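Report on the structure given below.
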Amino acid sequence: MLNRLLSRKKDTRVLVIGLDCASPHLIFDEFRAELPHFSRLMTNGTWGQLESAIPCITVPAWSSMMTSRDAGALGIYGFRNRADYSYDHMTTADSTHVRHPRVWDILGVVGKLSTVLAVPQTYPINPINGTMLSCFLTPNTQTTFTYPAIFKNEALRVAPDYAFDVKDFRTNDKAQLHQNLLHLRDVQFRVLKHAIQHTKWDFLMHVDIALDRIHHGFWRYHDPKHRLYDPNSPFINVIRDYYRLLDSQLGEILSLVGDDVAVMVVSDHGVKRMDGGICINEWLWREGWLNFKNPPPEGVITPFEALDVDWARTRAWGAGGYYGRIFLNVAGREPQGIIPADDFERVRDELSTAIMGITGADGEALTHRVIRPQEVYAQVNGIPPDLMVYFGELSWRAVGSLGHGAHYTLENDTGPDDANHDTQGMFILHHPHKKGRGCVSGENLLNIAPTLLEMMGVKIPEDMQGRIIP
């Protein structure tokens, strides 16, 4: 079908600046007076909140955005996914798992050149019609992380200490984390400026991952409602200053590309404070859904994978993360499944109802969103969770380990983390030759790819799920 795509007589070049985890509230409201270049794009542009993917996490959100297919169609439900119906075979969702064409693939078929930098799920590297530098999944600069391969030499000449991510953004050493993130932004920005000027492109896209890490590492110092907020902290302006840095760098980028390029600024999801974690496996164990041959030791935080599960007496287990993933142990599906297949829906409903009653640290009622994949996706590929849970509407994350002594924890088991993701990201679209509509509502992340293709005069594949943003 890609070979049947036809390019229309338009020559609009498009620049996409991706900001992982960017907050619509901070850009459009709280910080707007301090962000003159973002505001400049909003003037005469179209902008607003952007409903994220389900689940609203980096992987699969950026691939959903660039393919206009939801997570079910992609068969990608997070960084790690079940490879089969065994209990312990998980795979990391890298570029090889994205089997639908992304915007740059479609553009390449009709001869348009793309430069793609640091967009999630682009490692391992794949050839494109243009230039690519891979994402934060890249282990180090000793790997092949560019296409063509020679561009690696250019990138390392511009930034010899180039980094793909920070090694540990869940750390108590906030001063070092701050320096590492500023370094990450500096080296990636240097390569971005070089690529704008020295690669041939009709479409150029870069994603900044450091903003996501800034939020997770420093939200407690920004949000007065966070339980760990300290108004006297030396880090109180880290997030504000980073948005100001992004705005200053956006100004440099706009001066490099000139006034005849369409510009989109977009995030994959938003951000909100994290109040704590729901220990999903601990809760399942205490409620009789999950059983162990040897009970987990109290007070010793133990990864679920390290415990001896009694699968012959287990009906459900879960995985931690920014949202909860829960799997049922179904007869004929899992190796030691005990739930009869024809009883699956009844048991899933029972568990869903029970989850809705999970309370917070003080016994307070929480509002949870329990999602059945078959009800939110156009199709369901791969092996999805049987239930997906936004605990406390994402004010609480899911914790997979045991030994916490309760069904909740105020400390993240993978290191300090101040923020969770929010379901609303943001976008700003500024076209050099068309007046925008100002602030709009109701737009979805799936609408980005068809909008980009339409701006570039390229026919939109009929099986894309999104629509053009007017």
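The values are calculated or read from the model by the stated rules, or taken from the named source; none is laboratory data. Quantities reported herein were computed from a predicted structural model and do not represent experimental measurements. Cβ atoms come from the backbone with ideal geometry, glycine included; neighbour counts cover every protein chain shown. For the accessible areas, the whole protein counts, side chains as well, though only heavy atoms, and no ligand, DNA or RNA atoms are used. Shrake-Rupley method; radii C 1.70, N 1.55, O 1.52, S 1.80 Å.
Residue ranges 90-96, 382-388, 416-422 sort as 416-422, 382-388, 90-96 when ordered by packing (mean number of other C-beta atoms within 10 Å per residue, highest first).
Once the chain from HIS433 to ASP260 is taken as fully extended at 0.36 nm per residue, the excess over their C-alpha distance is 61.5 nm. For the pair LEU410 and ARG99, a Förster radius of 35 Å applied to the C-beta separation gives a FRET efficiency near 0.30, rounded to the nearest 0.05.
When Cα Rg over 2.2 N^0.38 Å is calculated for this entry, the matching label among (1) 1.25; (2) 0.99; (3) 1.04 is (2).
With unit charges on the beta carbon (Lys/Arg positive, Asp/Glu negative), name the residue among LEU228, TRP283, CYS21 whose Cα is farthest towards the positive pole of the charge dipole of the chain. Checking the options against the dipole of the chain, the answer is CYS21.
For the chain, the carbon plus sulfur part of the accessible surface works out to 48%, probe radius 1.4 Å. Of the trypsin sites (Lys or Arg not before Pro) found in the range 277-340, no site is in coil according to DSSP while having at most 10 other Cβ atoms within 10 Å of its Cβ. On a 0 to 90 degree scale, rounded to 10, what angle separates helix 238-257 from the longest Cα axis of the chain? Taking Cα atoms only, the helix is inclined about 30 degrees.
At a probe radius of 1.4 angstrom, the accessible area of the range 282-326 per residue rounds to 46 square angstrom. Here the label points at HIS25 and VAL158, each 7 Å from Cα along the C-beta direction, are separated by 3.5 nm in the simple model.
Averaging the sequence gap over all C-alpha pairs within less than 8 Å and six or more residues apart, then dividing by the number of residues, gives the range 270-322 a relative contact order of 42 percent. In the chain, Cα pairs under 8 Å separated by at least six residues give a relative contact order of 29 percent. Seen from all directions on average, the range 327-470 presents a Cα convex hull projection of 13.5 nm². Separation of the alpha carbons by more than 25 angstrom is noted, of LYS112/LYS434; LYS152/LYS272; LYS152/LYS459, for LYS152/LYS272; LYS152/LYS459.
Given +1 at the Cβ of Lys and Arg, -1 at the Cβ of Asp and Glu and no other charges, the dipole of the range 71-121 around its Cα centre is 180 debye to the nearest 20. Dipole check for the chain: with +1 at the C-beta of Lys and Arg, -1 at the C-beta of Asp and Glu, and the Cα centre as origin, the magnitude is about 1600 Debye. Most simply put, the chain has about 55% antiparallel DSSP beta bridges, counting only bridges with both residues inside it. Computed from the C-beta positions of ARG467 and VAL300 and an R0 of 60 Å, the FRET efficiency is 0.70 to the nearest 0.05. Stretched out straight at 0.36 nm per residue, the stretch from ASP362 to LEU182 would grow longer than its current Cα-Cα span by 61.0 nm. Rounded to the nearest 20 debye, the dipole size of the range 77-219 about its Cα centre is 220 debye, using +1 on the Cβ of Lys and Arg and -1 on the Cβ of Asp and Glu. Residues of the range 75-98 falling in the label zone of ILE338, defined by backbone nitrogen less than 17 Å from a point 7 Å along Cα to beta-carbon, are 87. Relative to the dominant Cα principal axis of the chain, helix 58-67 is inclined by about 50°. Candidates SER39, THR58, ASN444 compared by Cα position along the dipole of the chain: farthest toward the positive end lies SER39, with charges placed on Cβ. Per-residue extension of 0.36 nm, minus the Cα-Cα distance of ALA331 and ASN172, leaves a gain of 52.8 nm for this segment. Placing dummy labels 7 Å off each Cα toward the beta-carbon, the span from GLN379 to ALA33 is 5.2 nm.
Given R0 = 30 Å, the distance between the Cβ atoms of ILE236 and ASP349 translates into a calculated FRET efficiency of 0.05.
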